[in-house]
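The values are calculated or read from the model by the stated rules, or taken from the named source; none is laboratory data. Everything quoted here is computed from the prediction, not taken from an experiment. Every residue, glycine among them, receives a Cβ derived from its backbone with ideal geometry; neighbour counts consider all protein chains shown.
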Amino acid sequence: MHHKTLILGACGQIGTELTIALREKYGLNNVVASDIRATEDPVMNAGPFEILDATDIHALEDVIMHYEIETVYLMAAMLSGTAEKFPMKAWSLNMDTLFHVLNLAKDKKISKIFWPSSIAVFGPDTPKQNTPQQCIMAPSTVYGMSKLAGERWCEYYHLKYGVDVRSLRYPGLISWKTQPGGGTTDYAVDIFHKAIENGSYESFLAPQTTLPMMYMEDAIRATLSIMDFESTSLKKGIAYNISAMSFNPEELAQEIAKQLPGFTMSYAPDFRQAIADSWPDSISDLEAQNDWHWKPHFNMEKMVQDMLQHLSP
Ligand code: SER
């Protein structure tokens, strides 16, 4: 039997698709989905599901012991936009949950962790184009600070206590199964729903705001791939840059209009503009290519096609 896996934040944008993918790969009963709230989603309830607040270490440990969990995917977090509104809450949620799983691994109660980092670790002084793995990282957002601090702690626990923790700096993620919530790159998902419903969209980012993005199918493949990779070329404890495509709202609107004639876009930038302006335009993922053979499958055109196809009635 395959060892057991627990997903924290399984009902979120990434967690939902990760749960589906891991259950397909390892079997329904070997993958325990959990979230802070109950869900009616038949996908979640197709296998074991636990209502679990990941900040509650005792509840977390009980679930881990009960199911004899070996691997934890920590997908519960507060994203960039919401974190600016609730800085202290974001910091505790994002950091406490990480310390809980790192300490459980240090105490040998679990043996492997996936923890997502983000392009938000970069800041206004970071090189904007083809941002390398290592460079100036002085994030100006609460979310970015929690991710950068988290990266340092992951590496520390790996070097000091031998904890097997693996991580990716996800770009903005675009998906049709579940909507994101509270992020700065969310416009690139919302736009598809509104395009299909109303034929128009008002973007909360300005037309020229270029950001690194990725289709969810690629992000899930990257996640399973870094977790499976067992060669010494993979550096554990570090969060890898991964890259697939970069575009701005105007370019995305043009591509959608090509495939959905008549679509129109308007712009009303809000507080999230400053967050987006502090992040890179594009990312270099050379190290991910070299160390564990990362390669994306979806560019913008293919992503738009797939999104429209799945979301159209
Ligand atoms: N996509 C995320 C956000 O916008 C960044 O990791 O918050």
Item to check | Options TRP91, TRP115; residue that is aromatic (Phe, Trp, Tyr) and within 13 Å of the ligand (Cβ to nearest atom) | outcome: TRP115
Checklist entry - For the range 140-154, what are the residues that are of a type in the set (Lys, Arg) and more than 11 Å from the ligand (Cβ to nearest atom)? => result ARG152
Checklist entry - Do you know which residues across the range 112-165 are in a strand (DSSP E or B) and under 16 Å from the mean Cα position of the chain (by Cα)? => result ILE113, PHE114, SER117, SER118, VAL165
Item to check | Residue in the range 268-294 that is nearest to ALA188 (Cα to Cα), counting only those that are surrounded by 14 or more Cβ atoms within 10 Å (Cβ to Cβ) and touching a helix residue (DSSP H, G or I) at 6+ places or on another chain (Cβ under 7 Å) | outcome: ARG272
Checklist entry - Assuming ALA222 fulfils every condition listed in (1) assigned to a helix (DSSP H, G or I); (2) more than 16 Å from the ligand (Cβ to nearest atom) apart from one, which condition is it? => result (2)
Next on the checklist: Pairs needed: first member in the range 159-177, touching a residue at least 12 places away in the same chain (Cβ under 8 Å) and within 10 Å of ILE238 (Cα to Cα); second member anywhere, part of a strand (DSSP E or B) and within 11 Å of the ligand (Cβ to nearest atom); C-beta distance under 6 Å; at least 6 residues apart or different chains.
Outcome noted: SER167/SER117; ARG169/SER117; ARG169/SER118
Checklist entry - For residues in the range 65-88 being closer than 19 Å to TYR157 by Cβ and of a type in the set (Ser, Thr, Tyr), which is nearest to the ligand (Cβ to nearest atom)? => result TYR73
Item to check | Flag for ALA21 being crowded, with 23+ Cβ neighbours inside 10 Å, hydrophobic (A, V, I, L, M, F, W, C) and at pLDDT 95 or above | outcome: no
Checklist outcome for this item: Filtering the range 176-198 down to residues that are within 12 Å of the ligand (Cβ to nearest atom) and within 14 Å of MET216 (Cα to Cα) yields PRO180, THR185, ASP186, ALA188, VAL189
Checklist entry - Of all residues in the range 64-94, how many are in a helix (DSSP H, G or I) and out of contact with any Phe, Trp or Tyr (no Cβ under 8 Å at 6 or more places or on another chain)? => result 12
Checklist outcome for this item: VAL101: passes all of (1) closer than 25 Å to GLN289 by Cβ; (2) out of contact with any Phe, Trp or Tyr (no Cβ under 6 Å at 6 or more places or on another chain); (3) away from the ligand (no atom under 16 Å from the Cβ) but (1)
Checklist entry - Out of (1) in contact (Cβ under 8 Å) with a residue 60 or more places away in the chain; (2) within 18 Å of the chain's Cα centre (by Cα), the odd one out for THR209 is which? => result (2)
